[in-house]
Every structure is written in C-alpha cells, then in structure tokens.
1. Looking at (1) open to solvent by less than 80 Å² (accessible area, probe 1.4 Å); (2) at pLDDT 95 or above, find the lone condition where residue 156 falls short.
2. Are any residues in region 221-251 part of a strand (DSSP E or B), in contact with a strand residue (DSSP E or B) (Cβ under 6 Å, 6 or more places away or on another chain) and more than 17 Å from residue 88 (Cα to Cα), and if so, which ones?
3. Mind checking which residues of region 19-34 are open to solvent by 60 Å² or more (accessible area, probe 1.4 Å) and closer than 20 Å to residue 168 by Cβ?
4. Could you please find all residues in region 1-16 being open to solvent by 20 Å² or more (accessible area, probe 1.4 Å) and either touching a Phe, Trp or Tyr at 6+ places or on another chain (Cβ under 7 Å) or modelled with pLDDT of 95 or more (or both)?
5. Which one of these is in contact (Cβ under 8 Å) with a residue 12 or more places away in the chain, among the polar types (S, T, N, Q) and open to solvent by 30 Å² or more (accessible area, probe 1.4 Å): 37, 46?
6. Just wondering, is there one or more residues in region 203-220 that are part of a loop (DSSP other than H, G, I, E, B), surrounded by 13 or more Cβ atoms within 10 Å (Cβ to Cβ) and touching a Gly at 6+ places or on another chain (Cβ under 9 Å)?
7. Just give me the residues in region 82-135 being in a strand (DSSP E or B), farther than 26 Å from residue 233 by Cα and in contact (Cβ under 8 Å) with a residue 40 or more places away in the chain, in sequence order.
Amino acid sequence: MEIDPKFTFVPLNAKFYDGINDKDTQEYLRKWGLKGNFVIQNFSFNEPFQQYHKYQLADAFFKDATVTRELLSKQSCAWMKQGIRASSVEIKQVPCSVLSMSFFDKMKNPNNRIVHNSGMICKRYDSQIEDFIVSDNLRGMLLDEESEEYNLYSEDEKCEFVFRIFQMLVLGGILCQFEDVLQPYLDITKTIYKDLIRVQKRNTSDDLFVSTLVLEVVAKDDKDQDYFPSDSDNRQNIAFLLIDANSREITTFIHQYGGYCSANLN
C-alpha cells in the first residue's frame, strides 16, 4: 500500500522572467491596469510528485507554516491578507495543452467579426456586464453570452491556461486603457505563457507536450472566506499553482482585480 507523501516546501529566490520583466511587457501591463495586480512566487518541494497527489500537494502547500509566512511577504499588497493558514483549499485542474499561437487564429479571421481586415478590433455599442464595460466584439466574445462571437471558442478551449491569461489581459484592471488592435494582447499572452510553462519531448518520439500541471486554487481562511484570491466570484480574481514534477517546483500566480502591490515580479 502506497503512503501519501508528506510535502515540505522551501521558498526560492525571485526568478527573473525575461519576457514578463521586459520593458515593453511591463509598459503594456501598466497601460492595461495590471501592473502591480499580479504576483508570481516560486517554491520547491523535496518529495516525488504524481498527478494524483495534486489535492494533497495543494492542501499541504497552503497549510504549510513556511508558505504561510512567505506567501506575498515581500510585496506590500493592500489587497492581500498575509500570514493566513488555509482552513480549506479548493482546486480545479486547468487544461494546459496549447503549443502554438495558432490557437488564436480564429480571432484573426475577419469573417468571425472580432477584428477587421486591418487588425483593428470591431467596436460595438457600450454595455456593462459584471464589472466590465463591453465596447467591442473582443470583450463581447469573453463576456456577452447573447453575442454571436461568444461561441467562437468552445467552453473547453476557454478553460485552457493560455486562454485564461489572454482573458486576464484583455479585461485588464480598473484603470485600463484598452487596445484598438488585437496583436499586443496576443504578443503579451505568448510572453507570459512561455515564461510560466515548460515544454518537453516525449520519450518515445519527438512530439512536444506541456509538462507543467496547472491548478486553479481558492484558499479559504478559518471564517470560510476566500483569501487566495479574495472574492473569487470576480472572474479577474484568479490564482494558480503551476507544478513542475521534474524540478519539483511550484510557481504561484495570483491576480487581484483592482489590487496593487508596490513590489511586483522583481
């Protein structure tokens, strides 16, 4: 009978992500109201990991004293309750299989009415959905269930980690200067995705696959309130654990709508 591993965690020094920390990337994040709203941290664990351990790993991670002490400790985050040991942790595995930005080619086809031939995003009359002003068909595709564009991507495709990153960028923060063209959103999506995931070759062939396991998480405190992220009902409040079984590393990625951290990604 196999005994479940008892996971222990060690915080790692902040990684320098070439793409995310690039000057142009940072400028777009600032323009879209996202700079300071998401934080990435890295931890290692010493035990072997199999995918069926994902529940135990996530639960142990947020209840670990070292993680509790270190999580967001180097950021001055007004929106983040720090030093909390989780009373419960909800996880959902996020599909992460996309290997090419051709995944987004449907958006580039003018027949699908997201962009014009010029690459300019198709405008529409303003409406408010949830906390967001929807003023073009790109945001309509993400938010407006009544629009024709909403079904351009299937629900399974919208669950893909790369699509979740794209959605986070397009919807932006509270103070967001939207783009008039699609390409910058795709470029920064690719940059962040490449920085966060690991691609490997299969042993038996030259086929590539994403080896990073992505979990969406909601950690709750002893009053059963969300704290990582807070208010998870807002679609822009998202948190992920990215698990690399080979290097035995966990990367935390959290975005909080309207939050601000004075020390971000550095």
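The values are calculated or read from the model by the stated rules, or taken from the named source; none is laboratory data. Values in this document were obtained by computation on a predicted structure and should not be read as measured data. Reconstructed Cβ throughout: ideal geometry from the backbone, glycine too, with neighbour counts over all protein chains shown. Accessible surface is based on the protein model in full, side chains and every heavy atom, while ligands, DNA and RNA are left aside. Shrake-Rupley method; radii C 1.70, N 1.55, O 1.52, S 1.80 Å.
1. Only one criterion in (1) open to solvent by less than 80 Å² (accessible area, probe 1.4 Å); (2) at pLDDT 95 or above is unmet by residue 156, namely (1).
2. Answer for region 221-251, where residues must be part of a strand (DSSP E or B), in contact with a strand residue (DSSP E or B) (Cβ under 6 Å, 6 or more places away or on another chain) and more than 17 Å from residue 88 (Cα to Cα): 242, 243, 249, 250, 251.
3. Answer for region 19-34, where residues must be open to solvent by 60 Å² or more (accessible area, probe 1.4 Å) and closer than 20 Å to residue 168 by Cβ: 22, 24, 27, 28, 30, 31.
4. Scanning region 1-16 gives 8, 10, 11, 12.
5. 46
6. Taking region 203-220 and keeping what is part of a loop (DSSP other than H, G, I, E, B), we get 203-207, 211-212.
This time we only want the ones that are surrounded by 13 or more Cβ atoms within 10 Å (Cβ to Cβ), so: 211-212.
Restricting the remaining residues to those that are touching a Gly at 6+ places or on another chain (Cβ under 9 Å) gives none.
Within region 203-220 (the criterion being part of a loop (DSSP other than H, G, I, E, B), surrounded by 13 or more Cβ atoms within 10 Å (Cβ to Cβ) and touching a Gly at 6+ places or on another chain (Cβ under 9 Å)), the answer is no, since none of the residues qualifies.
7. If the condition is that a residue be in a strand (DSSP E or B), farther than 26 Å from residue 233 by Cα and in contact (Cβ under 8 Å) with a residue 40 or more places away in the chain, then 115, 120, 121 are the ones that fit.
Here is a yes/no grid of residues against (1) within 30 Å of residue 46 (Cβ to Cβ); (2) within 14 Å of the chain's Cα centre (by Cα):
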position: 168; (1), (2): no, yes
position: 183; (1), (2): no, no
position: 187; (1), (2): no, no
position: 191; (1), (2): no, yes
position: 205; (1), (2): no, no
position: 212; (1), (2): yes, yes
position: 220; (1), (2): yes, no
position: 223; (1), (2): no, no
